[in-house]
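Everything below concerns the one structure shown next.
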Protein chains: 2
Amino acid sequence: MRFDGPPPEPLASATGFLLSWNGRRTAEGFARALQEVGLSPPVFGVLTLIESHPGLTQKELVEGSLIDASSMVAVLDELEAEGLAERRVHDSDRRKRAVYLTSQGKRKLAKARAIATSFADELLAPLDEKEQETLRQLLRKLARVDEADAR
Amino acid sequence: MRFDGPPPEPLASATGFLLSWNGRRTAEGFARALQEVGLSPPVFGVLTLIESHPGLTQKELVEGSLIDASSMVAVLDELEAEGLAERRVHDSDRRKRAVYLTSQGKRKLAKARAIATSFADELLAPLDEKEQETLRQLLRKLARVDEADAR
DNA sequence: TATTGTTATACTCTATAACTATA
DNA sequence: TATAGTTATAGAGTATAACAATA
């Protein structure tokens, strides 16, 4: 799909279409930006998740992410092959693997996060700071993020 | 990808991630809703485009949509096979095909539009009307829709 | 018998490049 | 020689189901 120009009318007046279009454009730009450090968006997401909860099992990573079990195997294989994360056998249950970042993984994640932030700044440049914050809060509400926190 | 619950923290605090996540969820829900009338989102988009500009050539449809030339062939093949649109040889240039909706295509589009509208209502239900309008305008601004109009 | 992780496989979507027919 | 449309093919991304190891 092409994202060089604005989305075509008459669809561009519908909020649902605008959500899809902006979302897809964001995802593709984000993926392109992350290629700089050789990461894909799912890999970046999993790195982020491991950092905030070191030692999660693969199953827990699957539950806490948007990725299914077999894709998680591929992601972790890649992370291990590049020395960014490691699977350790779980203490009490040898079926389980506890996953940790290596120090190299932590450094890579910091780099990737900087790239993601600067990409987001560029993406959101058409909006001033107040508008950006309004958008963020509306999107959180739409995704029901805060309701989930309140559970 | 799963969209049953809210997106995982800590990513859910980033506007860029929220854009991708909401966009993808919207696109998938929209696709599921359209299955009711046997249409895919690209097919729906092309139907909409033909309706607003009857007689466009395939090339013009490609330029006015987000779909590349070879995918457009597949979309139009499908529309013709189902009797929703037809390709006519262009008057002055026999390489070109001018594309029109059939009356059946117009009826189907009306049905699909009703489904799309009711899906969007449901999707946007967490926001009140004023918030929905704010979101719509922020997304248009982000997509630079109005700037393009002003050109 | 159930669960964790793995493998093999198939499916959808889209992009690329080669081909045809007309200009 | 260039353009409109078509066909064939390949690639990314993801999902499904069968399988091995362990509980």
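Note on B:21-33: average number of Cβ atoms from other chains within 10 Å of each residue's Cβ is 5. The tail of the calculated P(r) for segment A:15-140, taken as Cα-Cα distances beyond 27 Å, holds 28 percent of the pairs. Spin-label pair B:F3-B:T57: with each label point 7 Å from Cα along the Cα-Cβ axis, the two points sit 3.7 nm from one another.
Footprinting exposure proxy ranking of A:L127, B:L18, fewest other C-beta atoms within 10 angstrom first, gives A:L127, B:L18. A helix-only calculation puts the protein assembly as shown at -19500 deg cm²/dmol for mean residue ellipticity at 222 nm, using -39500 (n - 2.57) for each DSSP H run of at least four residues, averaged over all residues. The calculated pair-distance distribution of segment A:1-84 uses every alpha carbon pair, bins of 5 angstrom beginning at 0, and gives 3, 13, 20, 18, 14, 12, 10, 7, 4, 1 percent. The charge dipole of chain B, taken about the Cα centre with unit charges on the Cβ atoms of Lys, Arg (+1) and Asp, Glu (-1), comes to about 420 debye, rounded to the nearest 20.
Cross-link reach is defined here as a Cα-Cα straight distance under 16 Å, omitting same-chain residues fewer than 8 places apart; for A:K130 the aspartates and glutamates meeting it are A:D121, A:E122, B:E131.
Chain A residue nearest the axis that carries A onto B, by Cβ, with distance in whole Å, is A:G23, 1.
Checked against a 27 Å cut-off, the cross-linked pairs A:K106/B:K141; B:K111/B:K141; A:K59/A:K106 give Cα-Cα distances beyond that limit for A:K106/B:K141; B:K111/B:K141. Distances from A:D68 to itself in the other copies, using label points 7 Å out along the Cα-Cβ axis, amount to 2.6 nm in increasing order.
Neighbour counts of C-beta atoms inside 10 Å place A:T57, A:T26 in the sequence A:T57, A:T26, starting with the fewest. Applying both filters, DSSP loop and at most 14 other Cβ atoms within 10 Å, to the trypsin sites (Lys or Arg not before Pro) of segment B:33-109 gives B:R94, B:R95. Over the protein assembly as shown, the Kirkwood radius and the radius of gyration, each from Cα atoms, give a ratio Rg/Rh of 1.03. Summary for B:S92: label point 7 Å along Cα→Cβ; distances to the equivalent points in the other copies, ascending, 8.1 nm. Between B:S103 and B:R32, the FRET efficiency estimated from the beta carbon spacing at R0 = 22 angstrom works out to 0.20. Relative contact order of chain A, taken over Cα pairs closer than 8 Å and 6 or more residues apart, is 20 percent.
Bear in mind these aren't lab numbers, they're just calculated from the coordinates by the rules spelled out. Here the structure is a predicted model, which means the values were calculated and not measured. Here Cβ is always computed from backbone atoms with ideal geometry, including for glycine, and neighbour counts include all displayed protein chains.
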